[in-house]
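Undergrad: Quick one: the structure is below, questions incoming.
The values are calculated or read from the model by the stated rules, or taken from the named source; none is laboratory data. No experiment lies behind these values; they were computed from the predicted model shown. Heads up, the Cβs are rebuilt from the backbone with ideal geometry, glycines too, and the neighbour counts pull from every protein chain shown.
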Amino acid sequence: MKMPVYFISHGGGPWPYMPEARQMYALLTRSLQEIPGQLSRKPAAILMVSAHWEADGGFLLMSNPKPPMLYDYYGFPEHTYTIQYPAPGSAALTERTAQLLQEAGLPYALDAQRGFDHGAFVPMAVMYPDADIPLVQLSIETHFSPQLHIALGRALAPLRDEGILIIGSGLSYHNLREIRSTGAVPSAQFDAWLQQAIVQGPVEQRLEQLENWENAPAARRAHPREDHLVPLMVAAGAAENDPAVCVYHDTGTFANITASSFRFG
């Protein structure tokens, strides 16, 4: 049976490892814990497209069989820089993904050094705490073309029939200057547009709307730089015309921010 595709809002920093963050992230925790139960079977492997890995001019694909850790956050408690999420890589998934990118004419290169960034290991630690599912990361492209990332998703779509779970990991709102101050209204406005474009509106118009996301209400206030949005483009491209549902919705993230996650298929 075909796997669904997810876009998840992954929260801030290494929050699952910080007891003081548990209350704020209770809804996100529950939504991530519920994902395994929403699948018809355990994934053979997971392909994670994280907002925290960018490549210029193409895509980078993890090829390390034992990926290290990348603590790409700052100012957090000392113990969060010793976290381990020892999921194995997958040579088979790396090879198959490379084949699909090549067939689609999308430029890519293998990266044997890259470790799991917090856009990957943080949600995975909640979803699959035993770290027993092979995990491979794929970068986004730093010019953030919606069309390119939708094309990437379309290229990856065959993986869904092969037991692979595709996850785009970002945030539905990502303006760090306003996230704890004046972001409440623009985050709610942009989220309302996302709900209409992804869940409530005609599915055949979804990709066109995402391509033109800058026309949405408060678009550039929600995403001054769209690194955390383009993983959604990848997920939507892999889903094509599958229906979508909102699997996480919180109006109190970072105190007053509206954030959402979506499942396609």
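Undergrad: For the stretch 106-122, does any single residue satisfy the condition of being part of a helix (DSSP H, G or I) and within 19 Å of CYS246 (Cα to Cα)?
TA: For the stretch 106-122, residues part of a helix (DSSP H, G or I) and within 19 Å of CYS246 (Cα to Cα): absent.
Undergrad: Let me ask something additional. Considering only the stretch 135-155, I want to know if a residue exists there that is at pLDDT 95 or above, of a type in the set (Phe, Trp, Tyr) and on the phi < 0 side of the Ramachandran plot.
TA: The answer is no, given that none of the residues of the stretch 135-155 is at pLDDT 95 or above, of a type in the set (Phe, Trp, Tyr) and on the phi < 0 side of the Ramachandran plot.
Undergrad: Just to verify a result, which residue in the stretch 149-199, among those that are without any contact (Cβ under 8 Å) to a residue 24 or more places away in the chain and part of a helix (DSSP H, G or I), is surrounded by the fewest Cβ atoms within 10 Å (Cβ to Cβ)?
TA: GLN196
Undergrad: Scan the stretch 137-159 residue by residue and report those that are within 25 Å of ASN241 (Cα to Cα) and β-branched (Val, Ile, Thr).
TA: Passing the criteria: ILE140, ILE150.
Undergrad: Assess whether ALA216 counts as being within 18 Å of the chain's Cα centre (by Cα), on the phi < 0 side of the Ramachandran plot and either surrounded by 20 or more Cβ atoms within 10 Å (Cβ to Cβ) or modelled with pLDDT of 95 or more (or both).
TA: no
Undergrad: Quick check on the stretch 22-81: of everything there that is small (Gly, Ala, Ser) and under 21 Å from GLN137 (Cα atoms), which residue is surrounded by the most Cβ atoms within 10 Å (Cβ to Cβ)?
TA: SER50
Undergrad: Condition check: crowded, with 22+ Cβ neighbours inside 10 Å, at negative phi and in contact with a Leu (Cβ under 9 Å, 6 or more places away or on another chain). Does PHE121 satisfy that?
TA: In short, yes.
Undergrad: Let me ask you something else. Looking at the stretch 205-223, can you tell me whether even one residue there is of a type in the set (D, E, K, R) and in contact with a Lys or Arg (Cβ under 6 Å, 6 or more places away or on another chain)?
TA: For the stretch 205-223, residues of a type in the set (D, E, K, R) and in contact with a Lys or Arg (Cβ under 6 Å, 6 or more places away or on another chain): absent.
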